[in-house]
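Values quoted throughout were computed directly from the atomic coordinates according to the rules given, and no laboratory measurement underlies them. Because the structure is a prediction, the values reported are computed rather than measured. Cβ coordinates were reconstructed from backbone atoms using ideal geometry, including for glycine residues, and neighbour counts include every protein chain displayed.
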Amino acid sequence: MTAATNRRTYWIEMLTRIAHPVLSAMAERKLKSVMPVEMKVDRTNCTYLEALGRTLCGVAPWLELQGAQGEEEERRRYCAELARQAIDAATDPASPDFCDFSGNGGREGQPLVDAAFLGHAVVRAPGELWRKLDARVKANLVAALKASRRIRPGFNNWLLFSAMVETALYVMEEQCDVVRLDYAIRQHEQWYVGDGTYGDGPQFHWDYYNSFVIQPMLLDTLMTVGHLYGEKGEAMKETVLRRARRYAAIQEMLISPEGTYPPIGRSIAYRCGAFQLLAQIALMKRLPDRIAPAQARCALQAVIKRTLEAPGTFDDGGWLRIGLSGSQPGLGERYISTGSLYLCTTAFLPLGLPPEDPFWSDADERWTSQKIWAGENMPADHAIDG
């Protein structure tokens, strides 16, 4: 077994430990009956779609990977089949696990959020999560995503949820609403505050929403539909990617020598999902020049270990519990429930890179804070313009 295989094995085992309870239960159409729901207010109308959409959003690049071999390929194929069965269960009106995508006819907003995460999964894995679906499931999935159009997004990062749904419909070769795409893209350009960071709406917030939602969805929306804007679209993609690479660099520097990071802002119970953007930039092979792939791997793994290996992270049935380091229900806002927590899977996006990629094959390397606090001479950090 190669060193790269050993490194991947930990990531795959941890990711499948998180994802399997969700995917297997929903594939059997039993998620609503078996998933325990930890919450402060009643979230049963949305928590199951949250669990599915967020799990698949993180698992998708690995499911789409071609050329895996041996035990990894067997596990990948098995998870991909479970994922397709789970999508069927969530979108089939006759299923006991059928999920509400319309938010009670538009009166509740949360289903738009997780329709978008499910759509993001399709954008990240169209081969496994769209083209391999049979015609009946495809029709149900399209209908489900279109039902989320009844929900009016808030004037903040939620604009990107509407845009991501339309991006997924575009991938499905359905008629997408370009106005929803255009509104989200243009408005976020207005909300850019500098140095690789966007405001969450008109206000800047100290939290991880640039990584939870804003930059990953903005990137994948533009990388998928940017060509619809012609030459201007190419310029927009270049600008958004340059900003994302800078934010990824900041994220890497936020990871302490011990693998901790500042518990700032809301939704901190998404755990290592706070570093989705760093994981995505690694997946795209567009890391900043000063961050070697193995350096990003070691930094992300340190965060994964600190946030997912703490005692109390999982209950006795293997389901995630609210917290950042173990069970800490006080860290969950009113909108947080068990299903919300599965956004942590997005830290595992680099599993979409093959084992021979330098991200996996290169020897371990210290990340920035480890180097600096060990006394290594490093160049100073600087902001970007524009």
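At-a-glance table
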item	result
FRET efficiency for ASN45 and TYR10, using Cβ-Cβ distance with R0 set to 51 Å, rounded to 0.05	0.90
Förster-model FRET efficiency, 45 Å R0, GLU365 and SER327, C-beta, rounded to 0.05	0.85
Dipole axis of the chain (+1 Lys, Arg; -1 Asp, Glu on Cβ), positive-most option in ILE336, PRO293, ALA80	ILE336
D (Stokes-Einstein, µm²/s), Kirkwood Cα radius, the chain, 1.306 mPa s at 10 °C	76
For TYR198, residues with placed amide H under 5 Å, excluding near neighbours	VAL193
Fewest-first ranking of SER361, SER267, using other Cβ atoms within 10 Å as the exposure measure	SER361, SER267
Above-threshold pairs, the threshold being 25 Å between Cα atoms, out of LYS138/LYS232; LYS32/LYS138; LYS285/LYS305; LYS285/LYS371; LYS305/LYS371	LYS138/LYS232
Distance cut-off 18 Å, percentage of C-alpha pairs in segment 159-214 lying past it	37
Stretchable slack from GLU108 to TYR78, in nm (0.36 nm times residue separation minus alpha-carbon distance)	7.4 nm
Segment 157-307: C-alpha gyration tensor shape, a/c 1.5 cut-off, then a/b vs b/c	prolate
ILE384-ARG17 pseudo-label distance in nm [points 7 Å out on the Cα-to-Cβ vector]	3.5
